[in-house]
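Structure first, commentary second.
None of the figures in this text is laboratory data; all of them are computed from the coordinates on show. If you're wondering where the values come from, they're calculated on a predicted model, not measured in any experiment. Cβ sites come from the backbone with ideal geometry, for glycine too, and all protein chains shown count toward neighbours.
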Amino acid sequence: MTTRQEQITLAAEAATRADYLAKETERAANHPDKRSLVQNLSAASTAWSDAAQAHAAIAALLPETEA
C-alpha cells in the first residue's frame, strides 16, 4: 500500500508528463511535417492526465501521514 504522499508525488509526476505532452501536441499541430503525430500525442497527454487525476483521488482518500 502506498502512502498519501507517494500518491501525491505520483499525481504530480503524471501531471508534469501530461503537460509536456500537451505542449508537444501543440508544437506538432503547428508544424506541417509533424501533424501526423498530433492524435497520438494528444491521446498520450490525456492518458497521463487521467492517471494524475486517479492518483490525486486516491491520495484524497488516504490518511495523512506523520512527517
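Between residue 61 and residue 46, the modelled label-to-label distance comes to 2.4 nm, taking each label 7 Å out from Cα in the direction of the beta carbon.
Pairs of Cα atoms nearer than 8 Å and 6+ residues apart set the relative contact order; for the chain it is 53 percent.
Converting phi to 3J(HN,Hα) with the Karplus coefficients 6.51, -1.76 and 1.60 and the offset θ = phi - 60°, segment 14-26 yields 5, 5, 5, 5, 4, 4, 4, 5, 5, 5, 5, 4, 5 Hz in sequence order, with x at every glycine or proline.
Using DSSP to define loop residues, name the GluC sites (Glu not before Pro) in the chain whose beta-carbon has at most 11 other beta-carbon atoms within 10 Å.
The qualifying sites are 64, 66.
In debye to the nearest 20, how big a dipole does the chain give about its Cα centre with +1 on each Lys and Arg Cβ and -1 on each Asp and Glu Cβ?
Working: 6 positive and 9 negative charges, 68 e Å.
Its charge dipole is roughly 320 debye.
Fewest first, what order do 65, 16 take by the number of other Cβ atoms within 10 Å? Intermediate results must be reported in sequence, preceding the final value.
Values: 65 9, 16 12.
Result, fewest neighbours first: 65, 16.
Once the Cα atoms are used to define both axes, helix 38-61 deviates from the longest principal axis of the chain by about 10 degrees.
Sorting 21, 37 by the number of Cβ atoms found within 10 Å of their own Cβ, with the fewest placed first, yields 37, 21.
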